[in-house]
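Student: Take this structure first; my questions come after.
Only the coordinates and a few stated rules stand behind these numbers; no lab work does. Just so it is clear, the model here is predicted, and its values are computed rather than measured. Neighbour counts run over all protein chains shown; Cβ positions are idealised from the backbone, glycine included.
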């Protein structure tokens, strides 16, 4: 059986928490347990002033293609999609990608048209059961538990409310005990309070960090999550959590779609300050070309390219594919989040597009100053290439050649 890249990376990270450079990338395709009809994303067949969404089969076809291309380490799905693709179609067999399923769906992710559930204080709820995730039935035989996913996402939303938070913790405790009995692994998602009046905004990063540490303080190794999934609150909060427990693997969630630079810079900054995992859902699903978008996330995660040059190269791929971008390159280079702010104070910072272009062309060495590289940068498209001896421009040229073959 093919080794799962997740297991390999987790082992290396735990063996050398300070020195290991591995980064885990996940695609969160579990949105049908939250966004309902809109979960698959907008269909390319939609027209101006008309919102049309992909069908569920189209959504699952994209998942299959991403898994087949081995673009991520984890594919997070709903229990129903997991049943079809993992248990029935067996797409994860002999593949390094690990299947995972959303194990609970608290009320703050019940996003339906005309509904107000996300604005009410979060309540614990579980649609899926572990047995249904593992074998597709209400009770699994011991030998059937490996038919489906053995990894799930469990989510908690702390609201600084004694009654509600205690209930959430009790549910999480029962979930952990069931996981241990049934040989099921999990990672823990911690959402910021969905009632904004319960915690003063400047205290949210500290509140969440303390809530995480307090929650896991009494959990022994057999019941601990493999890693965390949480909002990135800036370098200071990330450094604090990673410093407290170097063995606690911290991951970030992507949040809203935003610009391409938002996504790429978020990944780069979070990794810089200690994150080891990124789980992007809407940022991937809303991309013009999901496959190219994920490949650039992978390159950034592996430290091969920076976020600024990745945005430019991504637009270059779209141009070669004949795909119209949602934004101009200049607009897509705008940073709309607070990832550059050390304290996470919400300050919006954007990079000057002209400066970014000049820097990239200076490194390219192609003699181009028109904003469209003519491809003269040296390409190291040979087997066994040593990336440590390549410039950023050479790495980009190498990978562009690969994308051209894969994406057409």
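Student: Only residues of segment 15-39 count here: report those whose backbone N is under 19 Å from the spot 7 Å along Cα→Cβ of residue 68, or say none.
Tutor: From segment 15-39, the list is 27, 29.
Student: Restricting to Cα pairs below 8 Å that are 6+ residues apart, what does the relative contact order work out to for segment 81-204? Please round to a whole percent.
Tutor: Across segment 81-204, relative contact order equals 26 percent.
Student: Quick one: work out the % antiparallel among DSSP beta bridges in segment 5-304, nearest 5.
Tutor: For segment 5-304, the DSSP antiparallel bridge percentage is about 5.
Student: For 107, 259, 86, what's the fewest-to-most ordering of other Cβ within 10 Å of each Cβ? Present the calculation step by step, with values, prior to reporting the outcome.
Tutor: On the way: 107 15, 259 20, 86 26.
So the residues, fewest neighbours to most, are 107, 259, 86.
Student: Report relative contact order for segment 5-304 in percent, whole number only (criteria: Cα-Cα under 8 Å, sequence separation at least 6).
Tutor: 17
Student: Express the relative contact order of segment 31-152 as a whole percentage, based on alpha carbon pairs under 8 Å and six or more residues apart in sequence.
Tutor: On the way: 189 pairs, mean separation 27.9, N = 122.
Relative contact order of segment 31-152: 23 percent.
Student: Label points 7 Å out from Cα along the Cβ direction at residue 328 and residue 55: separation in nm?
Tutor: 3.8
Student: Here's another thing I want to ask about it. Tell me, 22, 27, 108 in order of fewest to most beta-carbon neighbours within 10 Å?
Tutor: In increasing order of surrounding Cβ atoms, one gets 22, 108, 27.
Student: Same structure again: If each of residue 220 and residue 94 carries a label point 7 Å out from its Cα toward its Cβ, how far apart are those two points in nm?
Tutor: 4.1
Student: Which stretch or stretches of segment 67-92 have amide N atoms under 13 Å from the point lying 7 Å from residue 2's Cα along the Cα→Cβ direction?
Tutor: 67-75, 90-92
Student: Let me ask you something else. Arranged by the count of other C-beta atoms within 10 angstrom, fewest first, what order do 198, 1, 33 take?
Tutor: On the way: 198 16, 1 6, 33 22.
Least crowded to most crowded, the residues run 1, 198, 33.
Student: May I pose another question? Between residue 289 and residue 169, what is the label-point separation in nm under the 7 Å Cα-to-beta-carbon projection?
Tutor: The modelled label-to-label distance comes out at 4.9 nm.
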